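Right, one structure below, let's go through it.
The values are calculated or read from the model by the stated rules, or taken from the named source; none is laboratory data. Being a predicted model, the structure only gives us computed values, none of them experimental. We place every Cβ from the backbone using ideal geometry, glycine too, and count neighbours over all the protein chains shown. When the accessible area is computed, the model is the full protein with side chains, heavy atoms only, and any ligands, DNA or RNA have been set aside. Shrake-Rupley method; radii C 1.70, N 1.55, O 1.52, S 1.80 Å.
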Amino acid sequence: MQFTQSTVGRKMIMAVTGLCLVLFLIIHSVGNLGVFSGPDGINAYADFLHNLGAGVWIFRIALAAIFVIHIAYGIQLTMENMAARPDGYTYKQDSRATFASKTMIYTGFIIFAFLVYHLLHFTIRVTNPEIYGLDAAGRFDVFTMMVEGFSSVVVSLVYLIAMIALILHLSHGVASIFQTVGLNNVKSLPIIEKVGKAVAILLFLAFICIPVAILIGIVSL
Ligand code: HEM
């Protein structure tokens, strides 16, 4: 009880849930790259995941809980910081505050809004009925869904905006994880900051290369 009431405890929870989300994103982005292996590769991968039975639901519930905890504590800590310094005094004084660190709450909201849209688009499959179907083997045709989905410039733009928010959020967030768990010192801090930026850039590239490849015709039906 005391742990979740202290600022350090709540930051620790943010760090651990943030780390889980980054690990999910790494796995998700690598899985998505299967689209470059053609319809059979990505459809077989998606079919394997869907057939994990109860495992899928345990994973989904755990992931949803992690997202909710991360967002709830993030909002709470931001509100407490704002109440403590209503004039934004600290940012003006703190030369280390970057654009990414100052906009965590806003980029977080953009990612959340994107996630709601993304789930309706690709997981619950309700936004674009024309792109959902089965392949010749009777599996969900994730390949066609992705290609037809990202053939829309508007849809790809929505993803691009969300990925820009994601790169900003992670470029500060990943470094914060290390700092919160106490792995920072004068020597390691510059390395930690570089690692955070590298993870953010790699994830951005892994996600965004898919709509780009589809729009320029490298991946097509
Ligand atoms: C271009 C970028 C992305 C692509 C192409 C993509 C693709 C997909 C696809 C195809 C699915 C459905 C998988 C299936 O049901 O077979 C999915 C599910 C999902 N995606 Fe993404 N995704 C992208 C970015 C993201 C990002 C940035 C996040 C998190 C912020 C995210 C979070 C999720 C979640 C939580 C699910 C649901 C997983 C489940 O069904 O259990 N995705 N994504």
Being open to solvent by less than 60 Å² (accessible area, probe 1.4 Å) and within 30 Å of I191 (Cβ to Cβ): is that true of H121 here? no
When the residues of segment 1-54 are narrowed to those that are among the polar types (S, T, N, Q), surrounded by 11 or more Cβ atoms within 10 Å (Cβ to Cβ) and within 12 Å of the ligand (Cβ to nearest atom), which ends up farthest from the chain's Cα centre (by Cα)? N43
Unique match (being away from the ligand (no atom under 11 Å from the Cβ) and under 20 Å from P211 (Cβ atoms)) among V186, V153: V153
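Across segment 157-183, what is the number of residues that are closer than 17 Å to F204 by Cα and more than 16 Å from the chain's Cα centre (by Cα)? Step through it out loud before you land on a result.
Within segment 157-183, the first condition is being closer than 17 Å to F204 by Cα, and the residues that meet it are 157-175.
Those still in the list that are more than 16 Å from the chain's Cα centre (by Cα) too: 157.
Residues that pass the stated criteria total 1.
Does T144 count as more than 23 Å from L63 (Cβ to Cβ), out of contact with any strand residue (DSSP E or B) (no Cβ under 8 Å at 6 or more places or on another chain), within 15 Å of the ligand (Cβ to nearest atom) and polar (S, T, N, Q)? It would help to see each step written out before you state the result.
Numbers: more than 23 Å from L63 (Cβ to Cβ): yes; out of contact with any strand residue (DSSP E or B) (no Cβ under 8 Å at 6 or more places or on another chain): yes; within 15 Å of the ligand (Cβ to nearest atom): yes; polar (S, T, N, Q): yes.
The answer is yes for T144.
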Give just the number: which of (1) over 19 Å from K102 (Cα atoms); (2) more than 10 Å from the ligand (Cβ to nearest atom); (3) open to solvent by 30 Å² or more (accessible area, probe 1.4 Å) does C209 not satisfy? (2)
Cβ pairs under 8 Å, 6+ apart or interchain, first in segment 175-198 and without any contact (Cβ under 8 Å) to a residue 24 or more places away in the chain and on the phi > 0 side of the Ramachandran plot, second of a type in the set (S, T, Y) and in a helix (DSSP H, G or I), ordered by first then second residue, are none
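Report yes if L202 is modelled with pLDDT of 95 or more, surrounded by fewer than 19 Cβ atoms within 10 Å (Cβ to Cβ), within 16 Å of the ligand (Cβ to nearest atom) and under 14 Å from the mean Cα position of the chain (by Cα), otherwise no.
Values: modelled with pLDDT of 95 or more: yes; surrounded by fewer than 19 Cβ atoms within 10 Å (Cβ to Cβ): yes; within 16 Å of the ligand (Cβ to nearest atom): yes; under 14 Å from the mean Cα position of the chain (by Cα): yes.
So L202 fits the description; yes.
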